[in-house]
Amino acid sequence: MTQIAGVLYVVATPIGNRTDISARACQVLADVDLIACEDTRHSRPLLRHLGLDKPLAALHEHNEEEATARLLAMLANGKRIALISDAGTPLVSDPGFVLVRAARERGLTVIPIPGPSALICALSAAGLPSDRFVFLGFPPRTEAARLRWLTALADEPGTLICYESGRRAEATLNAMASVFGARPAVLARELTKRFETFISASLPDLAQRIASDSEQQLGELVILVEGDRRDSDQRATAEQQRILAILADELPLKQAVGLAARITGGNRNRLYQQALAAKR
Ligand code: SAM
């Protein structure tokens, strides 16, 4: 008899408010043979709340390869497995990518059961442009790596969204202010929970608010920053001025202007007038 291959369901669970779980997610969790979760101690209370007592298997960043191999073998044997994470949508800054890719490579059926995710929840109510956005996961932890990472994002026009721990939020906001200046930003904290808070301010003000109110460093948070909304002419002018300023520090003005015009393709006369104005 041919064995029918199983199905992997990727199931979103709440990010705080348990009633945010969808009816379809509940149905799938009730129907599957096994639930793969990050931390069985964390997921058991949610499942108990849903009235479910299911076999669980741990799949986290420290055992992702071995756990994936075991789960793939079960899927190949026709088992139906749900993948959940501690909160929100699996694979979004959470484990599961290795399993989902391997399942797809083997031609297994992978079905998403959509639901909460902190990044979309934050974006939907932050009041920042949402037509285009970039999700960045967690920022690098060391100062130098974080600055390099932010600098590479300086020209990105989409709204920037990242996750951050409360204790690193102030340092991250300060680093963002030093790279992006006074752009509008939002701190979205404890989404869907009792102390849900949105603070909208310029990056330097937001860093200041966090520094002076340690309550704002508690719980879980998402940082959103407006992207670079300048048009291409404004960007080109700013880049020409940046290069001209560096050259003018080292060279006579005429020579600096000539070189800046050659490097950037800018108009020599206009650059000269701008340089004179800057000097004045
Ligand atoms: N998979 C999850 C999702 O779909 O949003 C995210 C998991 S990631 C490991 C956890 C991070 O998401 C937290 O450190 C925090 O930055 C953010 N987060 C999760 N729940 C949140 C909430 N209720 N309010 C604000 N941020 C939250």
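The values are calculated or read from the model by the stated rules, or taken from the named source; none is laboratory data. Predicted model only: the values in this text are computed from it and were never measured. In this analysis, Cβ positions are derived from the backbone assuming ideal geometry, glycine residues included, and neighbour counts consider all displayed protein chains. Side chains are part of the model used for accessible areas, which takes the heavy atoms of the whole protein and leaves out ligands, DNA and RNA. Shrake-Rupley method; radii C 1.70, N 1.55, O 1.52, S 1.80 Å.
General observations
- Dipole of the chain [Lys/Arg +1, Asp/Glu -1 at C-beta], most positive-end residue of Ile111, His42, Leu150: Leu150
- Shown for the chain are the DSSP H helices of 24 Å or more along their axis, judged by Cα atoms, with a mean Kyte-Doolittle hydropathy of at least -1.0: 232-250.
- Beta bridge orientation in the chain: antiparallel %, DSSP, nearest 5: 50 percent
- Unit charges on C-beta of K, R, D, E only; dipole of the chain, Debye: 600 debye
- Percentage of interatomic Cα-Cα distances in the stretch 26-179 larger than 19 Å: 62 percent
- Accessible surface calculations at 1.4 Å, restricted to protein heavy atoms, place the chain at 54 Å² per residue.
- With Cα atoms as the point set, the stretch 203-244 shows a radius of gyration and Dmax of 16.6, 45 Å.
- Rel. contact order, % - alpha carbon contacts under 8 angstrom, at least six apart, the chain: 17 percent
- The DSSP beta bridges internal to the stretch 7-116 are antiparallel in roughly 5% of cases.
- Accessible-area composition of the stretch 7-116, carbon plus sulfur, in percent [1.4 Å probe]: 50 percent
- For Lys54, the lysines whose Cα falls under 26 Å of its own Cα, not counting residues fewer than eight places away in the same chain, are Lys79.
- Principal axis dimensions, largest first and in whole angstrom, of the stretch 176-280 by Cα: 62, 26, 19
- Values of log10 I(q)/I(0), in the order q = 0.07, 0.09, 0.15 Å⁻¹, for the chain under a Debye, Cα-only, solvent-free model: -0.39, -0.58, -1.10
- Dipole of the chain, positive direction: furthest Cα of Gly96, Pro55, Gln234, with charges on the beta-carbon: Gln234
- Antiparallel DSSP beta bridges within the stretch 119-225, percent to nearest 5: 85 percent
- With the largest listed first and rounded to whole Å, the semi-axes of the equivalent ellipsoid of the stretch 119-225 from the Cα gyration tensor are 19, 16, 12.
- Accessible surface of the stretch 119-225, 1.4 Å probe, proportion on carbon and sulfur as whole %: 51 percent
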